[in-house]
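Scroll down for the structure; my scribbles are underneath it.
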Amino acid sequence: MDTYVVTIIVITVFGSITSIVSYSNSPFKFPYKTIYINITARRQTTITEYIDFYLIENSMNEIDEFISYLTSWKNICEKKIGRSVFKRRRYRQFQDCCDDAHAIKLVFYKEKTRYKQVNYVRYPYKVKEVKKLFNTSYDYLLGRYNKLKEINFQCSLEDYNSNKQRQLMTKELRQKIAERDNFTCKKCGKYMPDGVGLHIDHIIPVSKGGKSVPSNLQVLCSKCNGQKSDKIVKKSESKS
Ligand SMILES: [Zn+2]
């Protein structure tokens, strides 16, 4: 056989193998987003509450950035499909690869200090210890974010919807409100720098559905606080 003919055969065979392989292999790789969330200083709680804390502190910035990247990635893919010889096949592969429901991978970790020994000297170094993993969608995170926005990012949705509002009145929250109101009674202006007689009052009482969030809390002195509870008692008496 002529070398020319052999070359042609080799090229044809090789060419068809490559096109079969490239036909069956998907050229698309979904660009998942991983977000690392440090929960070292957090108390033990649910994943959803960890997500709320993340959204309260970081807003949607990183997530929005990823979504605009994902949108442009999809546009590029669609253009490629438009130019491809195997349009239908490529479109199927593209659809199979898209995984919007799990596009965002949240990795919750705690930082741990480890030591390594070099020549009898201990050197500390930090490692990330993964505690929880959660794959989710943009829509889910946006939904939570919008609900948090409605309550002005004052607390997690779990705390907001909790039926144990009184238990949420922590020492830290009391201190925060006392400082915000400058240790001064909101009704009569009495200044109580040492905290004696200082009450943290729920503007809408917990019994009436009031929440333990900064916008519903104020400093009152004993006298004003007493008058307020009298009023509420009288009101409920007159109702009954
Ligand atoms: Zn007062």
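Just so it is clear, none of the values below were taken in a lab; they were calculated from the coordinates. A quick note: this is a predicted structure, and the numbers were derived from the prediction, not measured. No Cβ is skipped: glycine too gets one built from the backbone with ideal geometry, and neighbour counts run over all protein chains shown.
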Taking the chain and counting helices only, DSSP H stretches of n ≥ 4 at -39,500 (n - 2.57) each over all residues, the nearest-500 ellipticity at 222 nm comes to -15500 deg cm²/dmol
Pseudo-spin-label distance residue 180 to residue 149, built 7 Å along Cα→Cβ, given in nm, is 2.1 nm
For the chain, cysteines with no other Cys Cβ under 4.7 Å from their own Cβ are listed as 77, 97, 98, 155, 188, 224
The chain, Gaussian network, Cα under 10 Å: of 154, 117, 93, the residue fluctuating most is 117
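Using the Kirkwood radius built from alpha carbon pairs, what does the Stokes-Einstein equation give as D for segment 136-209 at 20 °C and 1.002 mPa s, in µm² per second? Don't jump to the answer; show the numbers that get you there.
Details: Rh = 14.6 Å.
It comes out at roughly 147 µm²/s.
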Cα gyration tensor of the chain diagonalised, 5x eigenvalues square-rooted, in angstrom largest first, produces semi-axes 62, 26, 13
Expected max-MSF residue from 165, 227, 218 in the GNM of the chain (alpha carbon, under 10 Å) is 227
Quick P(r) readout (segment 165-240; Cα-Cα; 10 Å bins; whole %) gives 20, 50, 26, 4
